[in-house]
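Student: First the structure, which I've put down as structure tokens, then a few questions once you've had a look.
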Amino acid sequence: MTELRSDIVRVPKVIHQATGLMIFGKRIRSIIFTTDIAIIRNTDADAVIAVYPFTPHPAITKSIIEAADIPVFSGVGGGLTHGQRSAFMSIFAEAQGSLGVVVNAPTPVDTIKAVTDVIDIPVISTVTSIHSQIDEKLEAGVQIINISAAKDTVDTVKYFRERYPELPIMATGGPDEATIKKTIEAGANAITYTPPSNGALFSKKMEKYRKEELGDEK
């Protein structure tokens, strides 16, 4: 670490207790959930999950992968965007260097088949509750599930871990170290962490600068 790089977004240390996901020889425990390039360049997370609430676009994927110095899991649709477009986005993501692609919870099985037919990197399917039907998706080629069930995430992780003992699972960790620890204990191999916004980080830094200026005046 150098002085210029010391002020970074650090993921909670408890995440290191996770067993991790082994992908192409890389062990991934902490995954930061953001598309903010400045944060992506200044974090100690093992990887990035770059999904966003808009139609996936190659320009966004390209920008994130080029800026990142850690592996990227790229969103390729699955809700409004599916079928051939998701397949093409997946090809592009792999060609640009994505470690895996992420499809949304509503993704049709046919779309998953179309994606797995054309790429050689893992397909990750988002799961939003214990009611998510994943058997057909696993058969179609999904290799990892990404559980994002809000306040029910711990119970959802536990539910799927009991039914699929060997299935790689990443999951949202919640607001603090206690909820992250519970998610890991429930069976999550890796944790996705949502960092503070750019605005919140800047506000904290400006407050520090103001205090320093007051100190100089005294």
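For every residue, the table says whether it meets (1) at pLDDT below 95; (2) of a type in the set (S, T, N, Q); (3) within 18 Å of Ile23 (Cβ to Cβ).
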position	(1), (2), (3)
Pro71	no, no, yes
Leu80	yes, no, no
Gly83	yes, no, no
Ser125	no, yes, yes
Glu136	no, no, no
Ala149	no, no, no
Lys158	no, no, no
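Residue by residue, here is whether (1) free of Cβ contacts under 8 Å to residues at least 40 places away in the same chain; (2) out of contact with any Gly (no Cβ under 8 Å at 6 or more places or on another chain); (3) open to solvent by 70 Å² or more (accessible area, probe 1.4 Å) holds:
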position	(1), (2), (3)
Val127	yes, yes, no
Leu138	yes, yes, no
Asn146	no, yes, no
Ala149	yes, yes, no
Thr153	yes, no, no
Lys158	yes, no, yes
Glu166	yes, yes, yes
Met170	no, yes, no
Gly174	yes, yes, no
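Student: I've got another one for you. Looking at the stretch 35-55, which of its residues are in contact (Cβ under 8 Å) with a residue 12 or more places away in the chain, farther than 13 Å from Ser74 by Cβ and either touching an Asp or Glu at 6+ places or on another chain (Cβ under 6 Å) or not in a helix (DSSP H, G or I) (or both)?
Tutor: Asp36, Arg41, Asn42, Thr43, Asp44, Ala45, Asp46, Thr55
Student: For the stretch 18-31, name all the residues that are buried (at least 18 other Cβ atoms within 10 Å of the Cβ) and aliphatic (A, V, I, L, M).
Tutor: If the condition is that a residue be buried (at least 18 other Cβ atoms within 10 Å of the Cβ) and aliphatic (A, V, I, L, M), then Ala18, Leu21, Ile23, Ile28, Ile31 are the ones that fit.
Student: For residues that are buried (at least 19 other Cβ atoms within 10 Å of the Cβ) and among the polar types (S, T, N, Q), scanning just the stretch 90-102, find the one that is farthest from Ile31 (Cα to Cα).
Tutor: The qualifying residue farthest from Ile31 (Cα to Cα) is Ser90.
Student: Sticking with this one: Every residue in the stretch 109-122 that is out of contact with any Gly (no Cβ under 8 Å at 6 or more places or on another chain) and open to solvent by less than 60 Å² (accessible area, probe 1.4 Å), please.
Tutor: Val109, Ile119
Student: It is to be established whether one or more residues within the stretch 164-173 are among the β-branched types (Val, Ile, Thr) and farther than 30 Å from Val118 by Cβ.
Tutor: So far as the stretch 164-173 goes, no, none of its residues is among the β-branched types (Val, Ile, Thr) and farther than 30 Å from Val118 by Cβ.
Student: Give the residue that is nearest to the chain's Cα centre (by Cα), with candidates limited to residues of the stretch 1-31 that are in a helix (DSSP H, G or I) and of a type outside the set (S, T, N, Q).
Tutor: Applying the filter and picking the extreme gives Ile15.
Student: Here are some conditions: (1) more than 15 Å from the chain's Cα centre (by Cα); (2) surrounded by fewer than 19 Cβ atoms within 10 Å (Cβ to Cβ); (3) of a type outside the set (Phe, Trp, Tyr). Thr81 meets all but one. Which one does it not meet?
Tutor: Only one criterion in (1) more than 15 Å from the chain's Cα centre (by Cα); (2) surrounded by fewer than 19 Cβ atoms within 10 Å (Cβ to Cβ); (3) of a type outside the set (Phe, Trp, Tyr) is unmet by Thr81, namely (2).
Student: Can I ask one more? For the stretch 176-196, give me the residue count where each residue is at pLDDT below 95 and surrounded by 19 or more Cβ atoms within 10 Å (Cβ to Cβ).
Tutor: Of the residues in the stretch 176-196, 1 are at pLDDT below 95 and surrounded by 19 or more Cβ atoms within 10 Å (Cβ to Cβ).
Student: Determine whether the stretch 86-105 contains at least one residue that is in a loop (DSSP other than H, G, I, E, B) and modelled with pLDDT under 95.
Tutor: Checked against the condition, which is being in a loop (DSSP other than H, G, I, E, B) and modelled with pLDDT under 95, the stretch 86-105 yields at least one hit.
Student: Among the listed residues Thr34, Thr43, Thr55, which satisfies the condition of being open to solvent by 10 Å² or more (accessible area, probe 1.4 Å), within 10 Å of the chain's Cα centre (by Cα) and at negative phi?
Tutor: Matching residue, one of Thr34, Thr43, Thr55: Thr34.
Student: Could you say which residue among Ala87, Ala68, Ala50 is closer than 22 Å to Thr153 by Cβ, surrounded by 15 or more Cβ atoms within 10 Å (Cβ to Cβ) and of a type in the set (Gly, Ala, Ser)?
Tutor: The unique qualifying residue is Ala50.
The values are calculated or read from the model by the stated rules, or taken from the named source; none is laboratory data. No experiment lies behind these values; they were computed from the predicted model shown. With ideal geometry, Cβ positions are generated from the backbone for all residues, glycine too; neighbour counts draw on all protein chains shown. When the accessible area is computed, the model is the full protein with side chains, heavy atoms only, and any ligands, DNA or RNA have been set aside. Shrake-Rupley method; radii C 1.70, N 1.55, O 1.52, S 1.80 Å.
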